[in-house]
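Student: Take this structure first; my questions come after.
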Amino acid sequence: MRLLRSFIFNFVFYVGTALRMIVLSPFYFSVSRERAYRVVVQGWGRFVNRQMRWWAGATFEIEGLEHLPDGPCIIVPKHQSAWDTILLLPWIPDSVFMLKRELIEMPLFGWYLKKQRQIAVDRAAKGRNMADAILRTKAEVETGRQLIIFPEGTRRPPGALPEYKRGIQKLYANLDIPVIPVVMHPGLFWPRGSFWRYGGHFKVRVLEPIAPGMEPKAFFTHLVETMERESDQLLLETVAANPQLPLPEITQKRVDALKKNANPLAEMR
């Protein structure tokens with residue numbers, strides 16, 4: 001049954017996404033960016049969430065939606081899965097992502113990203129590239145948009161050692177807007193690089209905003225400590241609520257350490 005459900009979801013997701021992009025292209029590229037976002041981008045988020053519910057049997061609920069403002073902010077989620085780039089879209093009024101340049105260079109998908117003025121960053125470049133990205137990001141958030149950036153830069157297994165990048169510290173120092181941490185564990189249901197999709201239920205926890213004005217290094221330390229503490233707690237809750245899930249070795253090790261009230265970071269080194 002899991003094989004069949006995973007196959008159907010993957011087929012519907014990839015083929016359905018491609019067909020939606022092709023069929024909706026005339027509308028998407030002829031209307032305003034804002035309308036295209038509301039109808040097509042947020043509609044895609046609802047489409048993917050429905051497919052995961054119908055075919056994989058995976059559902060979620062969101063706690064702390066009141067912390068998401070209508071105006072400019074920096075939303076910083078944990079990053080484990082392709083799903084966590086999509087699932088929140090229906091609840092974010094006008095998102096702009098900071099993403100790797102390779103995505104925006106893709107045919108059709110990249111054109112969709114350009115229409116939404118997403119911020120492409122060359123990961124291999126330093127200095128001037130980041131400064132330019134900050135300037136472009138500032139211009140977007142000044143129009144009222146919500147920046148989404150994954151502070152660890154790439155997808156990591158649930159429970160993996162944190163590897164937060166200093167880019168979020170620079171953005172916090174330059175943009176002068178609140179930062180909204182988000183913790184969740186969709187990687188247990190839609191694992192990175194895996195064919196399998198797993199059923200169950202999890203929570204997305206939107207944490208209290210971190211106001212602008214902190215000393216940047218103190219902000220970075222506070223962000224990492226807050227997100228890791230809340231992520232660990234939510235990991236325990238998610239695993240307890242879904243005993244049917246097969247846990248990756250690195251996740252099981254983190255869970256075991258947390259259950260012993262030990263320092264999981266120390267035990268994993």
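The values are calculated or read from the model by the stated rules, or taken from the named source; none is laboratory data. Source: prediction; values computed, not measured. For neighbour counting, all protein chains shown are included, and Cβ atoms are generated from backbone atoms with ideal geometry for every residue, glycine included.
Student: Give me the pairs, please: first residue somewhere in segment 201-218 and touching a residue at least 60 places away in the same chain (Cβ under 8 Å), second residue anywhere and exposed (fewer than 11 other Cβ atoms within 10 Å of the Cβ) and part of a strand (DSSP E or B), beta-carbon distance under 9 Å, and either six or more positions apart or on two chains.
Tutor: Partner pairs satisfying both residue conditions: 201/61; 202/61; 203/61; 204/61.
Student: If only one of 112, 172 is aromatic (Phe, Trp, Tyr), over 22 Å from residue 72 (Cβ atoms), crowded, with 20+ Cβ neighbours inside 10 Å and modelled with pLDDT of 90 or more, which one is it?
Tutor: Unique residue meeting the criteria: 112.
Student: Does segment 202-215 contain at least one residue that is surrounded by 22 or more Cβ atoms within 10 Å (Cβ to Cβ), modelled with pLDDT of 95 or more, charged (D, E, K, R) and more than 21 Å from residue 230 (Cα to Cα)?
Tutor: No, because not a single residue in segment 202-215 is surrounded by 22 or more Cβ atoms within 10 Å (Cβ to Cβ), modelled with pLDDT of 95 or more, charged (D, E, K, R) and more than 21 Å from residue 230 (Cα to Cα).
Student: Residue by residue through segment 202-236, note down the ones that are closer than 23 Å to residue 82 by Cα and touching a Gly at 6+ places or on another chain (Cβ under 9 Å).
Tutor: 204, 205, 206, 207, 231, 232, 235
Student: Then there is this: State whether the residues of segment 48-60 include one that is touching an Asp or Glu at 6+ places or on another chain (Cβ under 7 Å), in a strand (DSSP E or B) and touching a residue at least 40 places away in the same chain (Cβ under 8 Å).
Tutor: no
Student: Do you know which residues across segment 2-16 are out of contact with any Lys or Arg (no Cβ under 7 Å at 6 or more places or on another chain) and either closer than 16 Å to residue 52 by Cβ or surrounded by 15 or more Cβ atoms within 10 Å (Cβ to Cβ) (or both)?
Tutor: Within segment 2-16, 2, 4, 7, 8, 10, 11, 12, 13, 14, 15, 16 meet the criteria.
Student: Of all the residues that make up segment 68-127, how many are within 13 Å of residue 180 (Cβ to Cβ), of a type in the set (Gly, Ala, Ser) and without any contact (Cβ under 8 Å) to a residue 60 or more places away in the chain?
Tutor: 1
Student: Anything in segment 219-234 that is more than 19 Å from residue 160 (Cβ to Cβ) and free of Cβ contacts under 8 Å to residues at least 24 places away in the same chain? List them, or say none.
Tutor: If the condition is that a residue be more than 19 Å from residue 160 (Cβ to Cβ) and free of Cβ contacts under 8 Å to residues at least 24 places away in the same chain, then 221, 222 are the ones that fit.
Student: Quickly run through segment 17-41 and pick out the residues that are loosely packed, with under 15 Cβ neighbours inside 10 Å and closer than 20 Å to residue 82 by Cα.
Tutor: 18, 19
Student: Step by step: first the residues of segment 42-63, then only those that are of a type in the set (Gly, Ala, Ser) and buried (at least 17 other Cβ atoms within 10 Å of the Cβ), then the one that is nearest to residue 223 (Cα to Cα). Which residue is that?
Tutor: Among residues in segment 42-63 that are of a type in the set (Gly, Ala, Ser) and buried (at least 17 other Cβ atoms within 10 Å of the Cβ), the one nearest to residue 223 (Cα to Cα) is 45.
Student: Right, something else. Among (1) surrounded by 14 or more Cβ atoms within 10 Å (Cβ to Cβ); (2) not in a loop (DSSP other than H, G, I, E, B), where does residue 152 come up short?
Tutor: Every condition holds for residue 152 apart from (2).
Student: Please state which of the following conditions residue 117 fails to meet, knowing it meets all the rest: (1) within 16 Å of residue 223 (Cβ to Cβ); (2) out of contact with any Gly (no Cβ under 9 Å at 6 or more places or on another chain); (3) surrounded by fewer than 18 Cβ atoms within 10 Å (Cβ to Cβ).
Tutor: Status for residue 117: all satisfied but (1).
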